[in-house]
Amino acid sequence: MAGHMKTDLPAHRNIFRMIAAPTVWAIHFLLVYCTAALWCARDWGSIGALQAVIFGYTAVCLILVGILGWQMWRQWDYFDDNDYIHDQSTDEHRREFLGHAGFMLACLSFVAIIFDTMPAIFAATCQ
Amino acid sequence: MTDATPSRIGEGYRRADLEKHEVHVAEGIYPPTEEMLTAPIDPELADAQKERLLAVWNDPPGWRYWSAVNNSEVGLWYSLTAFAFMLIAGCLALVMRLQLAIPDNDLISADRFNQFFTMHGSAMMFLFAVPMFEAISILLLPAFLGARDMPFPRLSAYGYWSFLIGGIFVMGSLLFDAGPAGGWFMYPPLTTIDQGVGPDIWLLGLSFIEVASIAAAVELIVGTIKCRPPGMRINLMPLYAWYVLVVGAMILFAFPPLIAGDFLFELQRSFDWPFFDPERGGDPLLWQHLFWIFGHPEVYIIFLPSIAVAAMVVPAAAQRPMVGYNWIVLSAVGTGFLSFGLWVHHMFTTGLPSISLGFFSAASEAVVIPTGVQLFAFVATLLAGRVKMILPMLWIAGALAIFTAGGLTGVMVALAPFDWQAHDSYFVVAHLHYTLFGGMVFPLIGGVYFFYPFIRKQMMSERLGRISFWLTFVGFNICFLPMHLTGLKGMPRRVYTYPGDVGWDTLNMISTVGAFVIAAGIAVFAWDLVRPKGKLMEDRNPWNEGSLMWSHRIPDHYWGVRSIPYVTSRNPLWDQPGIVERMDQGGYYLPDAQEGLRETIITSAIDARPQHVTRVTGPAWCTMWAAFFTGGAFIFPTFHWYPPAVISAVLAVACVIYWLWTSTARIPENPMKDVNLGLRLPTYVSGPSAPGWWGVFITMLGDMTAFASLIFGYFFYWTVHPNFPPPLADHANGAWVALSALCYAAAWGATRVARPINRSGAVVMAQVLLSAGIVLAIAGAAAIMLSVAALDPTSHVYPAILWAIAVWTAVHTIVGIIMQGYCLAGTIFGKVMPEYDAPIWNTVLFWHFLLITALVSTAVVGLVPRMM
């Protein structure tokens, strides 16, 4: 079905969906930071356990970002017309623009979450 | 191209999810048809319309000019004032460079040197960089959006006068040798034990300016999402507007933590509540956290608007649309988010666990990705276009070179082990000046050259501009490049002198010479800016740029635009032939001002469908008085003169109420208005269609952030101190706390229910509910204060933070009560009616946030400590 024929849902004009993935990054960041701070300040157990908790957060958040990214990819709907410039005043272009930008933000968030997990591998110490 | 079939509004147009609460919605035809947009215009009618518009929008004559609130006037004053503060702060730097030119110098004393570097940093950040962004945006944004003005012109004026008063107060302290001297980040305990008024001047003066900054951010966000011209959907916004949106949101989340920090800090300095005193359970590190949660995003708050300027100059130089619009949006939004995960990289040497440092180091490296993306998008645009090396582009090119160098040292200091070596040395001074000059000063000056023809309708000198550029560019590198080496050779920051035999002499002398070369460059620019330039230019669009801004009139007409266009392209002046002529003739929306009121069109947030004709406020003195008294409320406490401070605060509130009551959400003479092109729009809306509702919503998001920072402080103490709360400490009185929570919930409920009841016409019932809400709110605030009344806040940080949270909640309740009272008075005196109820919507919205504040407060005051 051609892009301009598709139904335009309220979700397709929701800018908060576009920034949902970086919001997940922010939550992940706060979680790992707070957990590590408490773990080190309160001496809650071994570093190995802390690492496991952090990896758990990361897995959940990566899955969430993956789902959000997939949704935004669907909203962009690149393969229906190979359209990556969205410069017209139509529902279709606005919908695909938000999807495109949201998809790229999801990719960035995915990478940033991986970045923020690496200290748990390379600097796993409370020293 | 647009969606094919223009529809009768009310069928495809009305969107139930957006406007179900509206009494009146848009009627008629939208989008306009091709015939409508090419229909001939009656010249006589157009002339009459033009006269009426001019009369409404003209500046007041004579000395009353200073009561103007037009974005073109306020933006101009704002930017010139910020530039003046920049020149003063630059002069401070020159004196410091003279002092450091030779070893063992005694040009100025150590204490004066401390005051100078503190005020150099503080002024450049708080009085120049952030206000300059807001000033330029207030000046330019309506033109980019083809709007008549910002949605709240008097708020801009209020922000400007606050900024002017606060800035003079803070800078003036230097003349009395009383300036703050603790560094621009005011670390305790150095600044909590300081006996002078310096730290108080910094805390209160800059808090005042932060309030003004947040006011401007609210204005700019609402302007961007609600004042776009019909048709300019979110995917068509000029990139400048995207950056304004992102930066406005960042200000909203970055400044409030500092305001919360200032609140705690001033409570400690004035009343000895020990928030940062380790002997009584406090912690100086909390200040560092709160400061840098503000301070690091601040860097990006400064950088992104300047990149926004570059994003307008680059396509004009390349004469083609930006390559990768989506990529730029990605990088602006991505940077906005990631920049909040960097703050601890200013605290790498405070002894936090390595793993914690690692998270911030990793985020600091991650933010390079979006930053790099936007630079590559610029380079790609230049490669793809036929570049004319116009003067503004020269400055942008210099900016990119310098910023990239600063970014590379940024990657270095983001690595904790390297930072441990370079921390607090001149290496960091070099790094931060490379990022700020490249990321702010150069693009800004390039932007001034670029936008000057729009602002003053004259051209600046090409020759002086090039001289200024090369002086500044060369001088900058002479000054700051050697500082990397000075720092690596071990010279610490903020020393007023140094011994002559450690190998720093020559490098310092070179830096001083460079500083004066920069000063010469800036002086040439300043002269070019203010010198008389003779006649006005003839060509409206000297850079042949595509945005709506260059449809401006020469000489200036104060109406913003003659008529508000229907936009179907990112670069309307390139892609919509005849749009400028049609705008000039009044062939688009709102070409008239029959009622003699200042009006602009409000459109929906995403798709820019016309929703409302809003009446914006005109010239007034009450904004200036409001700023004056707000200044009193902040400045008197510096000297512990509390009674005049309270009187000032009351008078400030009175001025604001007068301003709101007399000029906002006025009952229209007619509920609908014909805005041309077959469209009729409501003249009064309430709830999410109204700009005022968005203003409250956005302000309260910022307020919530400040409150969250207070709560962060509470849990910070709990995390780092095993004895928080102290084992035998008295707790808040549980019964009072519970009563307070109940009263707040009931007050919220009464206010919330009053809204639909008033809408249904049962005005008396609504008045009863609002009155009950007021009584319950007073009871709630009294109860939470009584719950902590028996505790001594000076004894330990635990009672102190409970007091702080209770005071915060009670003060917000006063605002809530004033708003309920305003609505109550409105229903009695005909300002609020069942059909016209915007103030009640805004009050209910405020109360949603107040309810969250109150419930969280009562939980952490009464419940959580007993569980800990």
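Of all residues in the stretch B:87-97, exactly one satisfies the criterion of being in contact with a Leu (Cβ under 8 Å, 6 or more places away or on another chain) and open to solvent by 20 Å² or more (accessible area, probe 1.4 Å), namely B:VAL95. For the stretch B:334-358, filtering for residues that are touching a residue at least 60 places away in the same chain (Cβ under 8 Å), within 7 Å of chain A (Cβ to nearest Cβ) and within 16 Å of A:MET104 (Cα to Cα) leaves 0. In the condition set (1) open to solvent by 10 Å² or more (accessible area, probe 1.4 Å); (2) of a type outside the set (Gly, Ala, Ser); (3) modelled with pLDDT of 95 or more, B:ILE840 is compliant with all but (1). Residues considered: B:ALA738, B:ALA729. Of these, the only one that is assigned to a helix (DSSP H, G or I), more than 37 Å from the chain's Cα centre (by Cα), surrounded by fewer than 17 Cβ atoms within 10 Å (Cβ to Cβ) and in contact (Cβ under 8 Å) with a residue 40 or more places away in the chain is B:ALA738. For the stretch A:34-72, filtered to residues that are more than 11 Å from the chain's Cα centre (by Cα), aromatic (Phe, Trp, Tyr) and modelled with pLDDT of 95 or more, the residue that is farthest from A:HIS12 (Cα to Cα) is A:PHE55. For beta carbons closer than 7 Å, sequence separation of 6+ or different chains, a first residue in the stretch B:702-723 that is in contact (Cβ under 8 Å) with a residue 60 or more places away in the chain and a second that is part of a loop (DSSP other than H, G, I, E, B) and surrounded by fewer than 17 Cβ atoms within 10 Å (Cβ to Cβ), the qualifying pairs are B:TRP718/B:MET868.
Scanning the stretch B:238-252 for residues that are surrounded by fewer than 24 Cβ atoms within 10 Å (Cβ to Cβ) and either more than 30 Å from A:HIS86 (Cβ to Cβ) or touching a Pro at 6+ places or on another chain (Cβ under 7 Å) (or both) turns up just one, B:MET250. Is it true that B:ALA178 is among the hydrophobic types (A, V, I, L, M, F, W, C) and open to solvent by 20 Å² or more (accessible area, probe 1.4 Å)? So B:ALA178 fits the description; yes.
Taking the conditions exactly as written (open to solvent by 10 Å² or more (accessible area, probe 1.4 Å) and in a helix (DSSP H, G or I)), does B:VAL299 satisfy them or not? Here the answer is yes, as B:VAL299 does meet what is asked. For the stretch B:400-412, enumerate the residues that are open to solvent by less than 20 Å² (accessible area, probe 1.4 Å) and β-branched (Val, Ile, Thr). Matches in the stretch B:400-412: B:ILE402, B:THR409.
Considering the stretch B:552-599 alone, what residues qualify as being assigned to a loop (DSSP other than H, G, I, E, B) and without any contact (Cβ under 8 Å) to a residue 60 or more places away in the chain? Once the filter is applied, which keeps residues that are assigned to a loop (DSSP other than H, G, I, E, B) and without any contact (Cβ under 8 Å) to a residue 60 or more places away in the chain, the stretch B:552-599 yields B:ARG553, B:GLN576, B:PRO577, B:GLY578.
Can you find even one residue in the stretch A:100-122 that is at the interface with chain B (Cβ under 8 Å from one of its Cβ atoms) and under 22 Å from A:MET5 (Cα atoms)? Yes: one or more hits.
Give the residue, chosen from B:ALA147, B:ALA129, that is among the aliphatic types (A, V, I, L, M), touching a residue at least 12 places away in the same chain (Cβ under 8 Å), crowded, with 24+ Cβ neighbours inside 10 Å and not in a helix (DSSP H, G or I). Checking each option against the conditions leaves just B:ALA147.
If you scan the stretch B:364-381, which residues turn out to be open to solvent by less than 10 Å² (accessible area, probe 1.4 Å) and at the interface with chain A (Cβ under 8 Å from one of its Cβ atoms)? Passing the criteria: B:ALA366, B:PRO370.
Selection over the stretch B:348-402 of residues that are charged (D, E, K, R) and part of a helix (DSSP H, G or I) gives a count of 1.
Does the stretch B:159-168 include one or more residues that are touching a Gly at 6+ places or on another chain (Cβ under 7 Å) and open to solvent by 10 Å² or more (accessible area, probe 1.4 Å)? Give the derivation first.
At the first step, the residues of the stretch B:159-168 found to be touching a Gly at 6+ places or on another chain (Cβ under 7 Å) are B:162, B:165-166.
In the following step, the residues that additionally are open to solvent by 10 Å² or more (accessible area, probe 1.4 Å) were identified as B:165.
Within the stretch B:159-168, one or more residues are touching a Gly at 6+ places or on another chain (Cβ under 7 Å) and open to solvent by 10 Å² or more (accessible area, probe 1.4 Å).
Does B:ALA690 fit the bill of being on the phi > 0 side of the Ramachandran plot and buried (at least 20 other Cβ atoms within 10 Å of the Cβ)? When the stated conditions are applied, B:ALA690 does not pass them. Only one of (1) farther than 30 Å from B:LEU285 by Cβ; (2) assigned to a helix (DSSP H, G or I); (3) in contact (Cβ under 8 Å) with a residue 24 or more places away in the chain fails for B:LEU204. Which number is that? Status for B:LEU204: all satisfied but (1). Residues in the stretch A:1-32 that are in a helix (DSSP H, G or I), facing chain B (nearest Cβ under 7 Å) and under 10 Å from the mean Cα position of the chain (by Cα): A:PRO22, A:TRP25, A:ALA26. Checking the condition open to solvent by less than 10 Å² (accessible area, probe 1.4 Å), within 14 Å of chain A (Cβ to nearest Cβ) and out of contact with any Cys (no Cβ under 8 Å at 6 or more places or on another chain), which residue from B:SER361, B:SER331 passes? Of B:SER361, B:SER331, the one residue that is open to solvent by less than 10 Å² (accessible area, probe 1.4 Å), within 14 Å of chain A (Cβ to nearest Cβ) and out of contact with any Cys (no Cβ under 8 Å at 6 or more places or on another chain) is B:SER331.
When the stretch B:478-493 is examined, which residues are found to be open to solvent by 40 Å² or more (accessible area, probe 1.4 Å) and closer than 21 Å to B:ILE518 by Cα? Listed by number, the residues that qualify are B:ILE478, B:LEU481, B:LEU485, B:ARG493.
Looking only at the stretch B:492-503, decide whether some residue is assigned by TED's automatic domain parsing to the domain that holds B:GLY410 and assigned to a helix (DSSP H, G or I). For the stretch B:492-503, residues assigned by TED's automatic domain parsing to the domain that holds B:GLY410 and assigned to a helix (DSSP H, G or I): absent.
Scanning the stretch B:319-328 for residues that are of a type in the set (Val, Ile, Thr) and open to solvent by 20 Å² or more (accessible area, probe 1.4 Å) yields a count of 1.
Only one entry of B:ALA316, B:ALA260 meets the criterion of being aliphatic (A, V, I, L, M), farther than 30 Å from B:VAL720 by Cβ and either in contact with a Gly (Cβ under 7 Å, 6 or more places away or on another chain) or buried (at least 22 other Cβ atoms within 10 Å of the Cβ) (or both), and that entry is B:ALA316. Just so you know, in the stretch A:49-99 the residues that are of a type in the set (Phe, Trp, Tyr) and under 19 Å from A:ALA112 (Cβ atoms) include one that is farthest from the other protein chains (Cβ to nearest Cβ), and it is A:TRP70.
The values are calculated or read from the model by the stated rules, or taken from the named source; none is laboratory data. Worth saying up front: this structure is predicted, and the values here are computed from it rather than measured. As a convention, Cβ positions derive from the backbone with ideal geometry for all residues, glycine included, and neighbour counts pool all protein chains shown. Note: accessible area is taken over every heavy atom of the protein model, side chains too, but ligands, DNA and RNA are not part of it. Shrake-Rupley method; radii C 1.70, N 1.55, O 1.52, S 1.80 Å.
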